[in-house]
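Student: I am attaching a structure below and will ask some questions about it afterwards.
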Amino acid sequence: MRIAFIGDIVGRPGRSIIKENLKKIKDEHHIDFVIANYENASHGFGLTSKSAAELFNTGINVMTGGNHTWDKKEIHTLFDKYELLRPHNYPDEVSGTGCKIYEVAGEKLAVLNLMGHFSMPMTDNPFRCAKETISDLHEQGVQNIFIDIHAEATAEKRALLMMCKSQVSAIVGTHTHVSTDDLQIYEGTGYLTDIGLTGCRDNVIGMSAKIPIQRFLTGLPGRFDVPDKCKSILQMVIFDISAGKCTKAFKIKKFNDGREFQTEAWID
Ligand SMILES: [Fe+2]
Ligand SMILES: [Fe+2]
C-alpha cells in the first residue's frame, strides 16, 4: 500500500492549498490512503465541523490531533461523525480515541496518534502507551502501523523511532510546524522527525509575524492570528508499505506558485 501524511494544517491557507492540489497528487502518485493532522485547521486553533467537512471532501481519509485538538469545543461531538483521532495517551475517560484500524488496498493499517511530554499538557506516558498498543495490534495480526508523534522535543521523537524500529511501518513527527531534513527508512520503519506545517510559509509557524515579534520584544501576551493571504506550502510524506515494513519513502513540498520539490529517504 502507498500512504501519505500531511502535518499540521494551519488555517484557511493550509486548507486551500490542500483543496487545490491533493486530488491531483493522489492520482499522479497512486496514493491509497491519506492521513493529515487537523489540530490547527480552523484559524490556527482546533477544528470546526465546517473545516472537517471541507477537508474530508479533498480526499483525506483520517485526521490526527495534538495539544490543540480541544481548542474548539465542538470537537467532542465530531469524533462520532468523522474519522478523527486525538493523542492515544490521554486518559480513557477523555472523548475520542487515538488508534483506529482501516482496510487499505486489501490489508489492515493501524493509525496511532501519540503526544510527547516536553512542553505539553500532562498525559499518560506516550512510550508505554506505544509499547502496549503496538503489542495489542500485533496480537490482532495488524502489521502495518503508522504513528503521528505530536511532540516539541526532537529527542522524544528519535527515542520513539529507536524503541519501535522494525515493529511499525512509519513514524512522523508533528507540532513544531518546521520540517526537519532527516527522512529515512531505519530497519524497515519510515521516519521523519517533523514534517512541518501546511499553510503560510512566509510567517512565523503559519501565524502572522506581527504578534510573535511583539511578544518576543515586550514579553506581553498576544493572540496568534492566521493571515488570510500568504505564500503557502503543502508538505506531504509518502510511504510504500509491504508486510508491515516501509520499502520506499519520499517527501513532496508544493508551493502555491506551482513550484514542487521532492526528497527521497535514505535507507539504513
Ligand atoms: Fe500544530
Ligand atoms: Fe501542537
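The values are calculated or read from the model by the stated rules, or taken from the named source; none is laboratory data. The shown structure was predicted, so the numbers you read here are calculated from the model rather than taken from an experiment. Here the Cβ positions follow ideal geometry from the backbone for every residue, glycine too, while neighbour counts run over all protein chains shown. Ligands, DNA and RNA are excluded from the accessible area calculation, which covers all protein heavy atoms including side chains. Shrake-Rupley method; radii C 1.70, N 1.55, O 1.52, S 1.80 Å.
Student: Once you keep just the Cα pairs under 8 angstrom separated by 6 or more residues, what percentage relative contact order results for the chain?
Tutor: Numbers: 647 pairs, mean separation 50.6, N = 268.
Computed over the chain, the figure is 19 percent.
Student: Run the numbers for T154 and E20: contour at 0.36 nm per residue of separation, minus the present Cα-Cα distance, in nm.
Tutor: Details: separation 134, 0.36 × 134 = 48.24 nm, distance 3.13 nm.
In short, 45.1 nm is gained.
Student: Roll a 1.4 angstrom probe over the protein heavy atoms and tell me the percent of accessible area of the range 114-172 that is carbon or sulfur.
Tutor: Numbers: 1300 of 2580 Å².
Here carbon and sulfur together make up 50 percent of the probe-accessible area.
Student: Please state, to two decimals, what the Cα-based radius of gyration of the chain comes to when divided by 2.2 N^0.38 Å (N = residues). Intermediate values should be presented prior to the final figure.
Tutor: Numbers: Rg = 17.3 Å, N = 268, 2.2 N^0.38 = 18.4 Å.
Expressed relative to 2.2 N^0.38 Å, the Cα Rg reads 0.94.
Student: Let me ask something else about it. Sticking with the crude label model, points 7 Å out along Cα→Cβ, report the distance from S95 to K210 in nm, one decimal please.
Tutor: Result: 3.4 nm between the two label points.
Student: Could you work out how far apart the two model spin labels at K50 and K73 are, taking each label as a point 7 Å from the Cα in the direction of the beta carbon, and quote it in nm?
Tutor: 1.8 nm
Student: In Å², what does the accessible area per residue of the chain work out to with a 1.4 Å probe? Write out the running numbers ahead of the final one.
Tutor: On the way: 11600 Å² over 268 residues.
Here the residues of the chain average 43 Å² of exposed surface.
Student: Full extension from D257 to E107: what is 0.36 nm times the residue separation minus their Cα-Cα distance, to one decimal in nm?
Tutor: Values: separation 150, 0.36 × 150 = 54.00 nm, distance 3.70 nm.
Taking D257 through E107 to full extension adds about 50.3 nm, to one decimal.
Student: Ok, one more. From the phi angles alone, apply the Karplus equation (6.51, -1.76, 1.60; θ = phi - 60°) to the range 232-241 and give each ³J(HN,Hα) in whole Hz, x where the residue is Gly or Pro.
Tutor: After applying 6.51 cos²θ - 1.76 cosθ + 1.60, I find 10, 9, 10, 10, 9, 10, 10, 10, 9, 10 Hz.
Student: What size of dipole, in debye to the nearest 20, comes out for the chain about its Cα centre when the only charges are +1 on Lys and Arg C-beta atoms and -1 on Asp and Glu C-beta atoms?
Tutor: Details: 31 positive and 34 negative charges, 159 e Å.
The calculated dipole for the chain is roughly 760 debye.
Student: Rounded to the nearest 5, what % of the DSSP beta bridges within the chain are antiparallel ones?
Tutor: Working: 32 of 59 bridges.
Expressed as a percentage, antiparallel bridges in the chain total about 55.
Student: Which residues in the range 23-56 have a backbone N closer than 19 Å to a point placed 7 Å from the Cα of E264 along the Cα-to-Cβ line?
Tutor: Zone members listed by number: 29-30.
Student: For the range 169-193 and the range 1-51, what is the separation of their C-alpha centers, rounded to whole Å?
Tutor: 18 Å
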